[in-house]
Amino acid sequence: MANQERLNVVTGAFGYTGRYITELLLRSGIKVRTLTAHPNRFNPWHQRVEVSPLNFDDPDSLVRSLEGAEVVFNTYWIRFSRGDLTFDRATTNVTSLIDAARQAGVSRLIHISITSADPDSLLPYFRGKGRIEQYLMQSGISYGILRPAIIFGSEDILLNNIAWMLRRFPFFTVPGDGNYRVQPVAVSDLAQLAVDLAAQRQNVCIDAAGPEVFTFDELVDLLARTVASKARIIHVNPSVQLILARMFGLLKRDVTLTRDEIRGLMSDLLVARSQPTAATRLTEWLAGHANLIGVRYRSELSQRA
Ligand SMILES: NC(=O)c1ccc[n+]([C@@H]2O[C@H](COP(=O)([O-])OP(=O)(O)OC[C@H]3O[C@@H](n4cnc5c(N)ncnc54)[C@H](OP(=O)(O)O)[C@@H]3O)[C@@H](O)[C@H]2O)c1
């Protein structure tokens with residue numbers, strides 16, 4: 001089939017990872033339809049990207065919105081439970097999307113998960129992701145699952161906001177001993193892995209892992225050096241960190257760090273169990289973005305408005 005006739009669906013093309021996947025697909029001549037809860041957001045691609053509302057509660061319209069698509073890329077997920085959008089609900093939403101993709105005759109589904117996803121995890125984020133992986137593996141649709149840990153790039157929130165704090169405050173607090181590890185992956189590498197997996201036929205579940213592993217202390221130290229911060233790094237009890245994060249969240253009208261995120265971070269879940277699958281080094285990327293990272297605070301909640 002000629003590329004101009006090919007259609008792929010990306011959930012969340014106006015988001016972070018979805019934007020990079022969309023760019024790569026468009027560059028290879030594949031038409032994109034995005035499903036989003038924000039269909040009125042500015043569409044930088046104009047008519048090259050069709051926009052459809054993402055409505056999990058209407059299975060028929062969900063099926064229609066996937067019809068004609070060869071591949072579906074799913075980036076949809078939530079960072080924390082809010083109002084009636086719990087992790088259980090988000091899990092059901094993604095399983096509805098998988099069902100709809102099967103009914104619509106989609107040939108392959110590429111799903112972005114997380115390192116250490118586990119259906120039996122005590123942490124709802126990792127548990128939900130694990131259950132979705134299981135569901136997808138048993139769905140009968142050809143699949144590719146990518147498990148990133150922390151994704152870095154110009155639109156990132158977490159590392160950007162750590163750098164923002166390091167630029168402004170005389171101290172920065174780290175929960176616990178700071179010896180737990182993280183393995184960041186570049187958003188551009190993750191998107192490339194996703195598009196490469198779409199072109200394959202076999203079922204795969206792999207970590208999307210960059211070449212560098214840091215302890216959290218090393219990561220904070222790297223960010224501090226990048227922005228020439230003089231902030232003192234102070235280790236605090238995780239419950240103190242949570243209180244500070246909540247106070248800061250109230251000031252910024254945002255959710256900066258949740259109890260579960262602190263637990264996930266400190267449980268060494270954000271590292272790959274296999275060899276790196278991505279090449280871009282955070283150290284090199286930061287060197288090229290030192291004047292940009294942390295200049296402006298990025299609010300999670302304002303992105304959801
Ligand atoms: N960012 C990271 O460091 C990281 C690390 C590990 C795994 N991941 C996984 O990678 C995938 C992509 O992450 P990302 O950071 O690129 O995500 P994102 O763009 O912020 O969000 C992906 C899509 O999910 C929807 N979404 C996010 N939060 C929502 C909420 N509270 N309510 C309703 N819809 C919501 C958004 O839909 P709209 O189109 O409506 O905005 C968005 O386009 C996710 O599955 C995430 O779990 C991310």
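Every read-out reported here was derived from the displayed coordinates using simple, explicitly stated rules and does not represent laboratory data. Small disclaimer: the values here were computed from a predicted structure and weren't measured. Counting neighbours? That spans all protein chains shown, and the Cβs are built from the backbone with ideal geometry, glycine included.
Sorting 74-84, 16-26 by their mean Cβ neighbour count within 10 Å, with the most densely packed peptide first, gives 16-26, 74-84.
Could you give the nm distance between label points at E155 and N55, where each point is 7 Å from its Cα heading toward the beta carbon? The two pseudo-label positions are separated by 2.5 nm. Here the alpha carbons of the chain define both size measures, Rg and Dmax, at 19.2, 59 Å. From a point 7 Å beyond the Cα of R273 in the direction of its Cβ, which residues of the stretch 201-219 have a backbone N at a distance under 14 Å? Output list for this probe position: 205-208.
Normalised by the number of residues in the stretch 204-305, the average gap of Cα pairs under 8 Å and 6 or more apart makes the relative contact order 47 percent. The alpha-carbon atoms of the stretch 122-231, seen along their principal axes, cover 54, 31, 20 angstrom, with the largest extent given first. Using C-alpha pairs below 8 Å separated by at least 6 residues, the relative contact order for the chain is 17 percent.
Which lysines does K252 reach when only Cα atoms under 23 Å apart count, and residues fewer than 8 places away in its own chain are ignored? Straight-line reach from K252, under 23 Å: K230. For the stretch 9-85 versus the stretch 105-173, the inter-centroid distance based on Cα atoms is 17 Å.
Sorted on the mean count of surrounding Cβ atoms within 10 Å across their residues, most packed first, peptides 245-254, 142-151, 100-109 read 142-151, 100-109, 245-254.
Roughly speaking, what is the stretch gain from E218 to R259, that is 0.36 nm per residue apart minus the C-alpha to C-alpha distance, in nm to one decimal? Contour length minus Cα-Cα distance gives 12.6 nm. Our estimate of slack between F42 and V240, defined as 0.36 nm per intervening residue step minus the Cα-Cα distance, is 67.3 nm. Each of L62, L292 was scored by other Cβ atoms within 10 Å of its Cβ. Listed from fewest to most, they are L292, L62.
Mind running the shape call on the stretch 206-292? Use the C-alpha gyration tensor, a ≥ b ≥ c as the square roots of the eigenvalues: rounded below 1.5 for a/c, prolate if a/b tops b/c, oblate otherwise. Since a/c reaches 1.5 but b/c is at least a/b, the shape of the stretch 206-292 is classed as oblate.
Based on Cα contacts under 8 Å between residues 6+ apart, the stretch 127-282 shows a relative contact order of 35 percent.
With 0.36 nm allotted per residue and the present C-alpha distance subtracted, the A287-C205 stretch has 26.4 nm of extension available.
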